[in-house]
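Below: the structure, in C-alpha cells.
The values are calculated or read from the model by the stated rules, or taken from the named source; none is laboratory data. Every value quoted in this text rests on a predicted model; they were computed, and no experiment measured them. Virtual Cβ from ideal backbone geometry, glycine too; neighbours counted across all protein chains shown.
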C-alpha cells in the first residue's frame, strides 16, 4: 500500500491467496512516527519477521537497506528505501490501478 506524498509512510504487507480470497500474512513494515526517515523509506519489522526479510526484499528488488535504524522500546528496526526498488514501483502502479477501478 502506498500513501501519496513524499513524507507519507509506506505500509508494506504480504498477502496470501486462500479459499478464493486474499488474507494478510504479515506486516513487513512498522511505523515509528517518532523516528526521522527519508522519503521512500520505512522501518522493517524484523522483530516479527526475522532479519531474513531484509534479504528477501533486496533479492526481489523491492529496495535497499539504508544502514540507518529506528528504535521503539527494546526493539531496533532497520530503515529500508523502497524508492530504490524496481518491484516497489511496479506494485505501486498495480495498487493505484486497483484503487482507481473501485
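Against the conditions (1) surrounded by fewer than 13 Cβ atoms within 10 Å (Cβ to Cβ); (2) closer than 21 Å to residue 92 by Cβ; (3) out of contact with any helix residue (DSSP H, G or I) (no Cβ under 9 Å at 6 or more places or on another chain), where does residue 48 fall short? Just the number, please.
Here residue 48 meets the rest and fails (2).
Based on this model, can you work out whether residue 2 counts as assigned to a loop (DSSP other than H, G, I, E, B), surrounded by 14 or more Cβ atoms within 10 Å (Cβ to Cβ) and modelled with pLDDT of 95 or more?
Here the answer is no, as residue 2 does not meet what is asked.
Which of the following residues is more than 16 Å from residue 10 (Cα to Cα) and either surrounded by 18 or more Cβ atoms within 10 Å (Cβ to Cβ) or touching a residue at least 40 places away in the same chain (Cβ under 8 Å) (or both): 72, 38, 21?
72
Tell me, please, whether a residue that is within 13 Å of the chain's Cα centre (by Cα) and farther than 27 Å from residue 97 by Cβ can be found in the stretch 64-71.
Yes: one or more hits.
Looking at this structure, is residue 78 touching a helix residue (DSSP H, G or I) at 6+ places or on another chain (Cβ under 9 Å) and surrounded by 11 or more Cβ atoms within 10 Å (Cβ to Cβ)?
Yes, satisfied.
Quick one: residue 61 ticks every box in (1) surrounded by fewer than 16 Cβ atoms within 10 Å (Cβ to Cβ); (2) closer than 15 Å to residue 9 by Cα; (3) in contact with a helix residue (DSSP H, G or I) (Cβ under 7 Å, 6 or more places away or on another chain) except a single one, so which number is it?
It is condition (2) that residue 61 fails.
On the given criteria, is residue 94 surrounded by fewer than 12 Cβ atoms within 10 Å (Cβ to Cβ) and part of a helix (DSSP H, G or I)?
yes
Taking strands (runs of 3 or more DSSP E) that do not extend beyond the stretch 14-83, which have at least 3 residues that are at pLDDT below 90?
In the stretch 14-83, 21-27 are the strands (runs of 3 or more DSSP E) which contain 3 or more residues that are at pLDDT below 90.
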